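Report on the following structure.
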Amino acid sequence: MELYFLGTGAGVPTRQRNVTSVALNLMQERSTVWLFDVGEGTQHQMLKSPLKPSRLEHIFITHLHGDHLFGLPGLLTSRSHQGGEQPLFIFGPPGIQKFVDTALTISGSHLEYDLKIVEINEGTIFEDHQFRVIAAKLEHRIESYGYRIEEKDIPGALNVDKLRQENVQPGPNYALLKRGGSITLEDGCIIEGKDYVGPTLCGRKVVIFGDTRLCHQEVKLAHDADVIVHESTYMHDKVSNATQYFHSTATQAAELALKANVKTLILTHLSSRYQDESVHLLLEEARSIFPNVHVAEDFWHYPVFRQ
């Protein structure tokens, strides 16, 4: 699992940063990629990355401002010409269905795959045997969401070598023992699964926030996360701007990370006023409060390891 940043700017693209899009690369876990927001030009950014549109499984839109979704129609239509045959799900606020339908209908676009659109509210919006995704409303000028991606715990590995030493042969008994059951050998010896299964691997937790100003919903969503990706549109000397326009500062993002007991904070969605060396000022501001901080750059990736 890794985070791959396709766009890290706010509002408009600059020479250094495209507008917002971040991928959760799950190729090792499920041979797919999940995308969070699709700012204008996202498909061009993907062409410069190792990510393939054909591997897209889910797209999550945080809110309906243009710098977060104007790249969506182009990506959807191009996917048909890039080997995308599997169904694609889009999750987003009310209005996302109308936006996509209007863009595809007026342009006469035809998709070669099934597209399913889910207009969300708060709570669990997706769950299967591997992952759960929880959405929470934030505070922005329009309806904006954050997404908490929870990987489910993975049972420990079965100690096959030890079982063979006990003359337990491969087969259905292995599956039973891995589930924590027990078996009785021909000599009457009882083999308990718990004695042959390694420790459970804790699932990873990643939280990706949409545009927001500081709000209490953020703490619950970010609680104990391995990584949170949070907007940092301003330095704290512009906190009045952040409050007025429903955005956040580097200081506020760091305070959230500290309060929510997260392990790593990644800042993104940077105003175009912060270029080159001034980006380091954002990083220093956040690190004065919460030490484990990174500022994302376009095409930067961050592996999410199990703790």
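Numerical summary
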quantity	calculated
Qualifying position, being farther than 21 Å from HIS68 by Cβ and among the β-branched types (Val, Ile, Thr), among THR268, THR233, THR251, THR243	THR251
Failed condition for MET27, given (1) in contact with a Ser or Thr (Cβ under 7 Å, 6 or more places away or on another chain); (2) surrounded by fewer than 16 Cβ atoms within 10 Å (Cβ to Cβ); (3) over 30 Å from HIS247 (Cα atoms)	(1)
In segment 78-116, residue modelled with the lowest pLDDT [restricted to those that are polar (S, T, N, Q) and over 26 Å from GLN28 (Cα atoms)]	SER109
Unmet criterion (only one of (1) of a type outside the set (Lys, Arg); (2) more than 25 Å from HIS140 (Cα to Cα); (3) not in a helix (DSSP H, G or I)) for GLN275	(2)
Only listed residue being assigned by TED's automatic domain parsing to the domain that holds TYR147, small (Gly, Ala, Ser) and not in a loop (DSSP other than H, G, I, E, B), chosen from GLY83, GLY74	GLY74
Residue tally, condition over 12 Å from the mean Cα position of the chain (by Cα), crowded, with 18+ Cβ neighbours inside 10 Å and farther than 20 Å from HIS230 by Cβ, over segment 32-48	5
Any chance TYR113 is assigned to a loop (DSSP other than H, G, I, E, B) and surrounded by 13 or more Cβ atoms within 10 Å (Cβ to Cβ)	yes
Matching entry among SER278, SER232 (being without any contact (Cβ under 8 Å) to a residue 24 or more places away in the chain and not basic (Lys, Arg))	SER278
Number of the exception - LEU267 against (1) without any contact (Cβ under 8 Å) to a residue 40 or more places away in the chain; (2) surrounded by fewer than 22 Cβ atoms within 10 Å (Cβ to Cβ)	(2)
First in segment 161-177 and within 12 Å of ILE191 (Cα to Cα), second anywhere and surrounded by fewer than 12 Cβ atoms within 10 Å (Cβ to Cβ) and modelled with pLDDT of 85 or more, Cβ under 8 Å, 6 or more apart	GLU166/CYS189
Condition check for GLN275: within 17 Å of ALA10 (Cβ to Cβ) and surrounded by fewer than 18 Cβ atoms within 10 Å (Cβ to Cβ)	yes
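A quick yes/no check of all residues on (1) farther than 17 Å from ALA135 by Cα; (2) surrounded by 23 or more Cβ atoms within 10 Å (Cβ to Cβ):
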{"site": "THR200", "(1), (2)": "yes, no"}
{"site": "GLY210", "(1), (2)": "no, yes"}
{"site": "HIS216", "(1), (2)": "no, no"}
{"site": "HIS223", "(1), (2)": "no, no"}
{"site": "GLU231", "(1), (2)": "no, yes"}
{"site": "ASP237", "(1), (2)": "yes, no"}
{"site": "LEU258", "(1), (2)": "yes, no"}
{"site": "HIS280", "(1), (2)": "yes, no"}
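One line per residue, one yes/no per condition, for (1) outside any helix (DSSP H, G or I); (2) farther than 25 Å from SER272 by Cα:
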residue	(1), (2)
GLN28	no, yes
GLY39	yes, no
GLN45	no, no
SER49	yes, no
SER78	no, yes
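The values are calculated or read from the model by the stated rules, or taken from the named source; none is laboratory data. Quick caveat: nothing in here was measured; it's all calculated off a predicted structure. No Cβ is skipped: glycine too gets one built from the backbone with ideal geometry, and neighbour counts run over all protein chains shown.
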